[in-house]
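Single-structure report; data block below.
Any read-out appearing in this document is the output of simple, stated calculations on the displayed coordinates, not a laboratory observation. Since the structure is predicted, the reported quantities are computational estimates derived from the model, not experimental observations. Virtual Cβ from ideal backbone geometry, glycine too; neighbours counted across all protein chains shown.
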Amino acid sequence: MVDLARTPSSSGDEASDEALLAGMAVGDERAGVVFVRRYQRRVYGLALGIVGDPGTAEDVAQEAFLRAWAHASVFDPRRAGASTWLLTITRNLAIDALRLRRAEPTDPADVVFSAQSRGDCPPEEAALSGDLRARLAGALAQVPEGQRRAVALAAFYGRSAKEIADLERIPLGTAKSRIRMGLAKLRDAVRVEETP
Amino acid sequence: MTGEQRPCPDRHDALAELALGTLAGQERSDALTHVERCVGCARELAELSGVADDLLTLAPLASPPVGFELGVVERARAAGAVAAHRLPLRHSRRAWAFGHDRETLHDRAARHDRAARRPGWRLAAAAALAAAAAGAGAVLLTSRPAPRQLSPAAARPAMLASRLLHAGRVLGDVRVSVGPTPWLFMNVDDHDPGWRGQLVACEVTLADGSTRRLGTFRLADGRGSWGVPLDMPAAAVRVASLVSVHGTVLATARL
């Protein structure tokens, strides 16, 4: 699990995500601002990658932060890091927005490969969490194209195996196999590299 | 293979789709039931879910438009999250909030599944209903509003939400606005195939024990969503039920 919870912000504020969320839960506006600044590029980037439209992505990203703010009091760091929690909220909202527009997903490769190819991971984040991120991206690059697309369509666009089969014009069983094998390869790659 | 540490070979497909939040209907229900009693599959699901979450970090970073953070703060202020130290969504022991707070493994998978299968227009539809609540009667939502109707949380009233359950299975959800113009919104998106095309009713049980039928709607194409302004305080509604027109309770949501 990538844990960005202790990632220092570019503004220099060193408060942990948990502390910021605790402040947001009691209405501390400054804590909210720091939290937004810390994650706005990641949240907006994910939203934009999924919905493909800047205006809709901004709506989605703002809504994601508001949801996080509204639920800050019940955030449980034992279950997931704040970044994981926030990105999952963002992904779900973006999928809602995508379906609202009845838009077809863009090429999944656009989402999953543009990050590392542009090298846009902040240095401080790369130092703390980018290692796993880079390893995951590297593993993804090694996964066969069909499996990679199937995993990306499910992970980023919430597409079911049936929808993937229709989009890719492949049998349902093939879609399911691609999802399973692709995700398993990623898991195995990360797990093996994490083993001392 | 219950009790062993390795996942069951015949569950691999389902576990991957469950981890990615894209398994639906009976497949999801079967998989969740199995995972709750199989240690090996539960561990596999946890690992795959972790990878699925981590994949989201691979999305490219992008700077939002100027004024983004101010927009968030202003909307938070309008929602009362800043000034009044009050959350827009009320939490109670039995209420299910739309955000993703404390959740079990089952909840997590169900939430992912809801997100994957829930047409986004329902969010906007609920907001549209809120706007219409002060005026006309029931609103049957059959079309998708424009994308820009993704409603700002600031304009969204405080809301109770609860799962619509049938024999322990989540079939949808019910939302009740607790604002000055209360309304109720019912989503059914995982109903029994035998109900297809069926005319159903929405009934509420009030705090005084009385039951009222709010209206009827038809489950078409496997799904149905319906809402109505309430002519009673939202707090008076204890249970919202999906009922056949003959009076058989099909599913209930406790608020």
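A few notes on this one:
- Distant-in-sequence amide contacts of B:LEU214, defined by a placed amide H-H separation under 5 Å and a gap of 5 or more residues or a different chain, comprise B:CYS202, B:GLU203, B:VAL204.
- The ranking of A:SER177, A:SER160 from fewest to most other beta carbons within 10 Å of each one's beta carbon is A:SER177, A:SER160.
- Virtual spin-label span in nm between B:ARG213 and B:GLU74, 7 Å along Cα→Cβ: 4.8
- Cβ crowding within 10 Å, taken as a proxy for footprinting-reagent exposure, orders B:HIS12, A:HIS71 from fewest neighbours to most as B:HIS12, A:HIS71.
- Put in order of Cβ neighbour count within 10 Å, fewest first, the listed residues A:VAL151, A:VAL143 become A:VAL143, A:VAL151.
- Debye equation applied to the C-alpha atoms of segment B:9-58, log10 I(q)/I(0) at 0.14, 0.16, 0.24 Å⁻¹: -0.31, -0.40, -0.84
- Spread over its residues, the convex hull of the C-alpha atoms of segment A:12-53 is 80 Å³ per residue.
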